[in-house]
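Peer 1: Take this structure, written in structure tokens, and hold onto it; I'll ask about it next.
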Amino acid sequence: MKKIIMLLITILLVFSLVACNQEAINEEITTDIVDSTEFTEDELGEVINVVEYYFEPSVSTIEGTLITRMYYGPPGYGENPDTDIQEYPFILQLDDPIDVLVQEGDLHNSDKFEV
């Protein structure tokens, strides 16, 4: 029983050290970018705040304004407005455009820029 407890403590310690080391590496990279004189302040903000978005099954958080507009539905989807159903879907209008990237091996999607 003591051996199992010692093994678990050792594994926990190793994972803690690896996590701390990763944070230190991330801080070094950020510091190197901040110390660089090759970027203006605006460009530096863009470099640090880069967020990548991917198609499903990835989950992302995006922000914008929820709006609604009228679109014609079946049967003619606008070909005969007198008989077509008027639909009012909710649309998320993004504050800033985003790029949606394809993950390796995705055969059904393609990169979409400035969406």
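Peer 1: Which condition from (1) on the phi < 0 side of the Ramachandran plot; (2) at pLDDT 75 or above; (3) open to solvent by 100 Å² or more (accessible area, probe 1.4 Å) is the one that TYR77 breaks?
Peer 2: So the condition that TYR77 fails would be (1).
Peer 1: Can you tell me how many residues in region 87-115 are surrounded by 10 or more Cβ atoms within 10 Å (Cβ to Cβ) and assigned to a strand (DSSP E or B)?
Peer 2: The qualifying residues number 7.
The values are calculated or read from the model by the stated rules, or taken from the named source; none is laboratory data. Everything quoted here is computed from the prediction, not taken from an experiment. Every residue, glycine as well, gets a Cβ built from its backbone with ideal geometry; the counts of neighbours run over all protein chains shown. Please note that ligands, DNA and RNA were not included when accessible areas were found on the heavy atoms of the full protein model with its side chains. Shrake-Rupley method; radii C 1.70, N 1.55, O 1.52, S 1.80 Å.
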